[in-house]
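Report on the following structure.
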Amino acid sequence: MKPSAASVIAFVLCLTTQLHGQSPDELAKNWHQWRGPEANGVSRTATPPIEWSEEKNIQWKVPLDGQGTSTPIIWGNKVFVLTAINTGKVDPSLPKPEDQPKRIFGITHPNTSFEFVVLCLDRETGKELWRRIAVEKVPHEGHHNDADFASGSPTTDGERLYCWFGSAGLYCYDLDGRKLWERDLGKAYMGASLGEGSSPALYEGKLVIVRDHARQSTIEVLDAKSGETLWKKDREEPNTWATPRVLQHSGKTQVITSGENFVRSYDLNDGEIIWQCGGLSSNAIPCPVVEGDVVYCMSGYEGYSLLAIPLSATGDITGSEKILWSKDEGTPYIPSPLLYDGFLYFNQSNQAILTVLDAKTGDEIIDRTRLSSISNIYASPVGADGRVYVTGRNGTTLVLERSKELNILATNELDERFDSSPALAGNQLFLRGGKYLYCIAEAK
């Protein structure tokens with residue numbers, strides 16, 4: 001007998017409870033990690049507004065110092081945000097940007113120090129509760145003009161907050177801002193100095209860090225309580241930015257990582273590869289999403305690729321009949337997909353061209369349809385209360401009905417540029433712009 005959607009959801013939440021020691025209700029009502037409670041962009045409990053503007057349904061709007069495209073995360077009455085602030089303090093031993101050799105996209109390496117900052121805000125008012133400078137240093141590399149030094153999202157288990165600034169270090173705090181531990185995991189050397197961006201994944205008291213770059217790429221698992229390394233494996237992968245997905249299946253806890261050479265499933269306990277599958281294009285950024293017994297992995301740079309892979313796989317299944325289905329068109333470059341009760345939502349490249357597939361069969365529900373009022377998308381879509389929220393870089397968010405037809409419920413405009421993905425909790429929608437963090441909720 002096929003399990004109902006409700007039973008699948010209950011199972012997922014039950015598993016998550018075992019992992020984090022929190023009740024299903026507690027996890028479901030928060031947004032504790034990149035891509036939300038189930039790591040697929042969906043909140044089961046949120047009821048965010050359908051309509052808003054600069055004058056309507058803005059609970060609060062606060063300026064943020066520095067730059068960052070990491071997603072805000074929410075736990076209880078607190079919102080956590082990472083940012084990197086240029087102090088302007090010059091290191092005279094380093095070359096000025098104007099004296100450096102020309103690089104692709106005009107990228108330069110900084111000669112000033114940055115403060116890598118963790119912010120905690122009151123969820124109801126936006127008031128700053130605490131601020132911690134994790135470290136101040138001069139980054140060893142630059143980044144693409146659309147990137148920054150705070151692009152990895154934090155995560156929490158409800159007791160500790162884990163903040164990953166890539167080459168600037170990994171920092172663990174309690175939720176009141178007391179530093180518990182820190183780790184310097186060394187420098188990453190990104191191809192073309194494009195910048196870092198993968199977020200940590202937390203599971204069963206273990207923290208997973210994937211670092212794919214131009215030198216020796218690695219996956220490393222740390223004890224979340226102490227920060228000590230449990231195991232570390234080399235990876236044969238060039239630049240990727242995809243956040244790993246961790247889950248239990250087939251009697252093992254699998255760490256699934258996207259990559260240009262292979263999508264791989266590692267055993268969380270010892271780092272042994274359970275299965276691998278080639279077929280993605282280069283520069284893998286979208287994170288894997290899971291529903292039932294299947295993981296969906298995609299990429300959209302220099303080609304389009306989507307693989308539906310059974311979690312029961314073993315060994316190398318590249319190009320085999322064990323792949324459930326695949327697609328070679330319309331997949332995203334930067335945004336991650338939304339997997340919402342059997343509907344797989346994604347956009348083409350970074351464009352506002354929407355595809356919706358039946359996740360079980362791969363059949364088109366909505367096939368590469370251009371969305372109005374949006375041209376470019378970096379933020380990943382989110383879903384709640386039977387609706388899908390798609391945010392463009394131009395400040396416009398479309399609210400779509402989760403249905404088999406393209407039904408736009410609202411077009412909402414704000415005076416900001418949005419590259420960061422939204423977060424949902426309770427009756428609130430959180431949107432981080434280039435200058436401001438918005439909390440959007442129905443006016444009481």
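The values are calculated or read from the model by the stated rules, or taken from the named source; none is laboratory data. The model shown is predicted, which means the values in this text are computed figures rather than measured ones. As a convention, Cβ positions derive from the backbone with ideal geometry for all residues, glycine included, and neighbour counts pool all protein chains shown. What goes into the accessible areas is simple: the full protein's heavy atoms, side chains included, and nothing from ligands, DNA or RNA. Shrake-Rupley method; radii C 1.70, N 1.55, O 1.52, S 1.80 Å.
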| Applying the selection to segment 234-272, what residues are closer than 19 Å to residue 317 by Cα and aromatic (Phe, Trp, Tyr)? | 262, 266
| request: Filter segment 30-60 for residues that are of a type in the set (Lys, Arg) and assigned to a strand (DSSP E or B) and give the result. | output: 56
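Mind checking whether some residue in segment 214-227 is of a type in the set (Gly, Ala, Ser) and in contact (Cβ under 8 Å) with a residue 60 or more places away in the chain?
Residues of segment 214-227 that are of a type in the set (Gly, Ala, Ser), as a first pass: 214, 217, 224, 226-227.
Narrowing further to those that are in contact (Cβ under 8 Å) with a residue 60 or more places away in the chain: 224.
Taking every residue of segment 214-227 in turn, at least one turns out to be of a type in the set (Gly, Ala, Ser) and in contact (Cβ under 8 Å) with a residue 60 or more places away in the chain.
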| remark: Out of (1) buried (at least 20 other Cβ atoms within 10 Å of the Cβ); (2) in contact with a His (Cβ under 8 Å, 6 or more places away or on another chain), the one residue 118 does not meet is (2)
| request: Inspect segment 63-73 for any residue being open to solvent by 60 Å² or more (accessible area, probe 1.4 Å), in contact (Cβ under 8 Å) with a residue 60 or more places away in the chain, under 17 Å from residue 430 (Cβ atoms) and among the polar types (S, T, N, Q) and give the result as yes or no. | output: no
| said: With the requirement that a residue be over 26 Å from residue 181 (Cα atoms) and either over 24 Å from the mean Cα position of the chain (by Cα) or exposed (fewer than 14 other Cβ atoms within 10 Å of the Cβ) (or both), what does segment 128-148 give you? | reply: 145
| Out of segment 174-196, which residues are open to solvent by 30 Å² or more (accessible area, probe 1.4 Å) and of a type in the set (Phe, Trp, Tyr)? | 189
| query | Restricting attention to segment 401-419, and to residues there that are in contact (Cβ under 8 Å) with a residue 40 or more places away in the chain and within 22 Å of the chain's Cα centre (by Cα), which single residue is most open to solvent (accessible area, probe 1.4 Å)? | reply | 402
| message | When you scan segment 258-266, do you find a residue that is free of Cβ contacts under 8 Å to residues at least 60 places away in the same chain, in a strand (DSSP E or B), crowded, with 23+ Cβ neighbours inside 10 Å and among the aromatic types (Phe, Trp, Tyr), even just one? | response | yes
| Do we find a residue being among the aliphatic types (A, V, I, L, M) and in a loop (DSSP other than H, G, I, E, B) anywhere in segment 397-410? | yes
| task | Go through segment 209-223 and give me each residue that's over 19 Å from the mean Cα position of the chain (by Cα), surrounded by 14 or more Cβ atoms within 10 Å (Cβ to Cβ) and closer than 20 Å to residue 157 by Cβ. | result | 222
| Qualifying positions in segment 385-400 - surrounded by fewer than 23 Cβ atoms within 10 Å (Cβ to Cβ) and either under 26 Å from residue 76 (Cα atoms) or touching a helix residue (DSSP H, G or I) at 6+ places or on another chain (Cβ under 6 Å) (or both) | 385, 386, 387, 399
| task | State yes or no: is residue 236 open to solvent by 10 Å² or more (accessible area, probe 1.4 Å) and within 15 Å of residue 261 (Cα to Cα)? | result | yes
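If you go through segment 420-444 one residue at a time, how many are open to solvent by 10 Å² or more (accessible area, probe 1.4 Å) and of a type in the set (Ser, Thr, Tyr)? Quick ask: steps written out before the conclusion?
Applying the first criterion (open to solvent by 10 Å² or more (accessible area, probe 1.4 Å)) to segment 420-444 yields 426-427, 434-436, 442-444.
Subset that is of a type in the set (Ser, Thr, Tyr): 436.
The number of residues fulfilling the criteria is 1.
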| request: Mind listing whichever residues of segment 27-62 are within 22 Å of the chain's Cα centre (by Cα), open to solvent by 50 Å² or more (accessible area, probe 1.4 Å) and among the charged types (D, E, K, R)? | output: 29, 44
| field | Qualifying positions in segment 273-313 - under 24 Å from residue 232 (Cβ atoms) and not aliphatic (A, V, I, L, M) | value | 275, 276, 277, 278, 283, 287, 288, 297
